[in-house]
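Written below as structure tokens is the structure these notes are about.
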Amino acid sequence: MAEEFEEEIPAETWELRLYVAGQTPKSVTALANLRKHCEQHLKGRYKLEVIDLLVNPQLAEGDQILAIPTLVRKVPEPIRKIIGDLSNEERVLVGLDVRPALSN
């Protein structure tokens, strides 16, 4: 007798990359804001990579980074970019094409 397994389809994992230049106030604020937005709207469904261009300046070329801080959404495609400290939650969600989590 064959057993039946119900497979739960995992939600898409968002791959985000935040480019910063050291620990500037804007970079620190951008990271804090991004973590807050992700925990609120993408909890358990995102990977975040922070790239410090003072340490790895050559990595800016791959994603064509012209200003910092810049957030790049790699997955899901298409690639999207948001420049700034990510303090405007609505702008970040629209820019990343994230539907806001419903609060009870």
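The values are calculated or read from the model by the stated rules, or taken from the named source; none is laboratory data. Note that this is a predicted model, so its numbers are computed, not measured. Methodologically, a virtual Cβ is constructed for each residue, glycine included, from the backbone with ideal geometry; neighbour enumeration extends over all protein chains shown. The area values use the complete protein model at the heavy-atom level, side chains included, leaving out ligands, DNA and RNA. Shrake-Rupley method; radii C 1.70, N 1.55, O 1.52, S 1.80 Å.
Observations on the structure shown:
- Residue that is farthest from LEU31 (Cα to Cα), among those in region 91-104 that are out of contact with any strand residue (DSSP E or B) (no Cβ under 9 Å at 6 or more places or on another chain) and modelled with pLDDT under 90: ASN104
- Just one of the listed residues (GLU77, GLU39) is in a loop (DSSP other than H, G, I, E, B), open to solvent by 60 Å² or more (accessible area, probe 1.4 Å) and farther than 12 Å from ARG17 by Cβ, and it is GLU77.
- Among the conditions (1) more than 15 Å from the chain's Cα centre (by Cα); (2) free of Cβ contacts under 8 Å to residues at least 24 places away in the same chain, ASN88 misses just one, which is (1).
- Flag if VAL72 is in a helix (DSSP H, G or I), open to solvent by less than 70 Å² (accessible area, probe 1.4 Å) and either at pLDDT 90 or above or over 19 Å from PRO25 (Cβ atoms) (or both): no
- Residue count for region 46-69, restricted to those that are open to solvent by 80 Å² or more (accessible area, probe 1.4 Å) and either assigned to a loop (DSSP other than H, G, I, E, B) or acidic (Asp, Glu) (or both): 6
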